[in-house]
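Input: a single structure, listed below in structure tokens.
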Amino acid sequence: MTLPDRPQFITVLTPIRPLGVFRVRFMLWLSSTFPQIMGLRPLAAIYSTRWSIVTSIPYNGPPQKAEDLAHPYLLWETTYNGAIDSYIESFIQVVSRQITRVWGTSYGFPGTRSITELKNYIQTMQIPISHTYSAYPKASVKMIYSAFEIEKEHRFLPEAAKNLSAEEFAVVYRGFLVRRQSDL
């Protein structure tokens, strides 16, 4: 299987059940404040992912008509590489409980037991995108996170190179490579 040269995009808008907004807001706050507690971690296939709650549509004046939403909506936007089936499968394997807690507040959510049902739900509720922006279009969230981790330690290497003998620096540098191997 050949991966696409460019990232893939999914934008899904689902209606939230009554009182679901409070639960979603709490879950989103919890996951952004304590990601380690929520079991979130970067996935190699994900460039970015975001959940938002839409409670109103801004009125921009004529010719737009003022609109009131019958209920709030949950907006999920994600950018990933690879095929949608493998992306959804890996997403479910890593954060199935979290997906169910947040998306379970939406009407029609089939759960995460069946990848096929979830994929069909996503494709049914998906909105075509017309524009996107990425500061790092060739980098996934995991790649950027790894770069930050490498940078934290790498910035001390030039000073070590000045102050250590070649043999001592070689030991320090090999240690750096061993510690950061999973990030390279």
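Some points to look at:
- Elements of type helices (runs of 4 or more DSSP H) contained in the stretch 112-184, each with 2 or more residues being free of Cβ contacts under 8 Å to residues at least 40 places away in the same chain and under 18 Å from TRP76 (Cα atoms): 115-125
- Residue among TYR73, TYR87, TYR80 that is crowded, with 16+ Cβ neighbours inside 10 Å and more than 14 Å from GLN8 (Cα to Cα): TYR73
- Residue list for the stretch 90-109, restricted to those being farther than 23 Å from MET143 by Cβ and loosely packed, with under 15 Cβ neighbours inside 10 Å: ARG97, TYR107, GLY108
- The residues of the stretch 142-170 that are farther than 30 Å from SER90 by Cβ and exposed (fewer than 11 other Cβ atoms within 10 Å of the Cβ), listed by number, are ARG155, PRO158, GLU159, LYS162, ASN163, SER165, ALA166, GLU167.
- For the stretch 73-85, the condition of being closer than 30 Å to GLY175 by Cα, touching a strand residue (DSSP E or B) at 6+ places or on another chain (Cβ under 8 Å), in a loop (DSSP other than H, G, I, E, B) and touching a residue at least 40 places away in the same chain (Cβ under 8 Å) holds for none of the residues.
Laboratory data are not the source of any read-out in this text; all were calculated from the coordinates shown. Just so it is clear, the model here is predicted, and its values are computed rather than measured. Neighbour counts run over all protein chains shown; Cβ positions are idealised from the backbone, glycine included.
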